[in-house]
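> Provided herewith is a single structure, encoded as structure tokens, for subsequent inquiry.
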Amino acid sequence: MEGEAASSKAALYVIRGCLVVPIQVELDDELMLQLQKDILERVNKTELKGVIIDVSGVAVIDSSLGQAIFDTARMASLMGAKTVVTGLTPGVAASLTDLDFDPGDVPTATSLEEGFRILVPAATHEVKPEEVEEGLEDRGDEAAGDRKVEPGEYDDQADQ
């Protein structure tokens with residue numbers, strides 16, 4: 001039951017073929033481990049272009065949480081989903097630097113949009129409105145790949 005409660009704290013979204021994980025709460029060790037598990041399970045179950053872990057909603061990131069976030073990004077990358085950490089504020093970046101924190105080879109970006117540009121360069125080209133309408137007629141938003149995925153819920157269609 002504790003895992004279920006922890007899991008409900010963060011939502012996972014699939015947008016433009018990428019798993020987006022907006023962290024909007026302060027994470028303790030238990031919540032971070034559950035979030036890590038949710039992300040890695042989702043990466044394992046689906047074909048994703050990448051993962052974006054957005055920390056713009058977190059006011060303070062200590063070295064331990066920073067290490068856990070960037071370790072999760074490396075794990076997802078090892079599983080084939082390039083991962084970007086977005087939303088580091090100047091204060092968080094400064095405090096992590098003061099702590100001699102090294103993000104290693106994990107790319108960072110200031111915004112979600114910049115994160116998408118890193119992960120899906122082809123998606124940033126200009127798309128004509130008629131191209132979108134033709135591809136999505138009578139198929140709904142889920143056909144576009146933009147939908148909320150609850151922790152523990154996996155898209156069965158992606159497994160086929």
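> Regarding Thr83, is this residue among the β-branched types (Val, Ile, Thr) and without any contact (Cβ under 8 Å) to a residue 12 or more places away in the chain?
So Thr83 fails the test.
> Condition test on Glu134, is it charged (D, E, K, R), in a helix (DSSP H, G or I) and modelled with pLDDT of 90 or more?
No, not satisfied.
> Within the range 37-57, how many residues are crowded, with 19+ Cβ neighbours inside 10 Å and either without any contact (Cβ under 8 Å) to a residue 60 or more places away in the chain or within 15 Å of Gly87 (Cα to Cα) (or both)?
Result for the range 37-57: 8.
> Mind counting the residues in the range 78-92 that are out of contact with any Ser or Thr (no Cβ under 7 Å at 6 or more places or on another chain), surrounded by fewer than 23 Cβ atoms within 10 Å (Cβ to Cβ) and within 12 Å of Ile52 (Cα to Cα)?
Qualifying residue count for the region: 1.
> With respect to Asp38, is the statement that it is among the acidic types (Asp, Glu), touching a helix residue (DSSP H, G or I) at 6+ places or on another chain (Cβ under 8 Å) and over 22 Å from Ala93 (Cβ atoms) true?
yes
> Would you mind telling me which numbered condition in (1) modelled with pLDDT under 90; (2) surrounded by fewer than 19 Cβ atoms within 10 Å (Cβ to Cβ) Pro107 fails?
Of everything listed in (1) modelled with pLDDT under 90; (2) surrounded by fewer than 19 Cβ atoms within 10 Å (Cβ to Cβ), Pro107 misses just condition (1).
> With the requirement that a residue be in contact with a Lys or Arg (Cβ under 7 Å, 6 or more places away or on another chain) and modelled with pLDDT under 90, what does the range 18-48 give you?
Passing the criteria: only Val25.
The values are calculated or read from the model by the stated rules, or taken from the named source; none is laboratory data. Not measured: the values here are computed from a predicted model. Methodologically, a virtual Cβ is constructed for each residue, glycine included, from the backbone with ideal geometry; neighbour enumeration extends over all protein chains shown.
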